[in-house]
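The values are calculated or read from the model by the stated rules, or taken from the named source; none is laboratory data. Given the structure is predicted, the values throughout are model-derived calculations rather than measurements. As a convention, Cβ positions derive from the backbone with ideal geometry for all residues, glycine included, and neighbour counts pool all protein chains shown.
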Amino acid sequence: MSDVDPLIKREMQWMALGVLENRDLAPIIIAKVRRQRIRRALVALLGVIAVGAASIGIYEVIQRPAPIIVASDSGVNGANSNSQPEIVGLQSDYPVTWEQSVGDLGAISGAGGIGDTLGGLTATGLQISWERCGRGQCPVTWVLSLQNNTQDLISTAPSLGIFTNHTPIVSDSRPTTVLPGGTALLVYTFPEFKDSLETSPRETWQWNWYLAQLR
């Protein structure tokens, strides 16, 4: 038996000690060893498949691009921006308070602030960017966020009024159309502040928004 497979030889020695010692054990042992080898091969194959699947999954996660988040304009038309983040509340590096007077003879509504609703549009946020002017800082860019919480299409001209020491200095309007459930980001810029407005660090600033007639 020197040329017999070691595994078959071991099986024959073990079975020869049992109740089958008077039978030809070779076919039985060879079949048993074959089944064992098939099981081992299947286990090895399943292991290779599992490792390969895990590697592919990890590779897909690494290679998968990060999701791109695009700000939607929610069907807003007019002088709006669809690439700015959501604006909630007052965002300003310097103090700004609300002014109750309108200061514009062309206004068709009273003065509103954050949280107020005029003509179906509700102000949800205001973002102010400041630049140096005179001996102080001036609010050069204003972004007003208005939301249409009604079921109607709203076309109007929201206007922004700016005051210093409660005295009106400038106002501007942005005609816009907002779909039901939509949000408008209205951008008002006053670059002339940097060149022509003389201010001091003691200057106080106020603002409000209102509706003007569509031109």
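What about L160, is it within 16 Å of Y210 (Cα to Cα) and in contact with a Lys or Arg (Cβ under 7 Å, 6 or more places away or on another chain)?
Details: within 16 Å of Y210 (Cα to Cα): yes; in contact with a Lys or Arg (Cβ under 7 Å, 6 or more places away or on another chain): no.
No, not satisfied.
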Residues of region 177-215 that turn out to be at pLDDT below 90 and either of a type in the set (A, V, I, L, M, F, W, C) or part of a strand (DSSP E or B) (or both), as a count: 3
Sort out which residues of region 105-115 are in contact (Cβ under 8 Å) with a residue 24 or more places away in the chain and not hydroxyl-bearing (S, T, Y), and write them in order of number. G106, A107, I108, G110, A111, G112, G113, I114
Would you point out which residue out of G106, G161, G136, G115 is closer than 23 Å to I87 by Cβ and either more than 26 Å from the chain's Cα centre (by Cα) or surrounded by 14 or more Cβ atoms within 10 Å (Cβ to Cβ) (or both)? G161
Can you spot a residue in region 170-179 that is in contact with a strand residue (DSSP E or B) (Cβ under 9 Å, 6 or more places away or on another chain) and among the acidic types (D, E)? yes
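Each row is one residue, and each column tells you yes or no for (1) charged (D, E, K, R); (2) within 20 Å of Q91 (Cβ to Cβ).
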residue	(1), (2)
L121	no, yes
G134	no, no
L144	no, yes
T156	no, no
V178	no, no
G182	no, no
R202	yes, no
W205	no, yes
W209	no, yes
Could you list, in sequence order, the residues of region 76-95 that are modelled with pLDDT of 50 or more and over 13 Å from V143 (Cβ atoms)? D93, Y94, P95
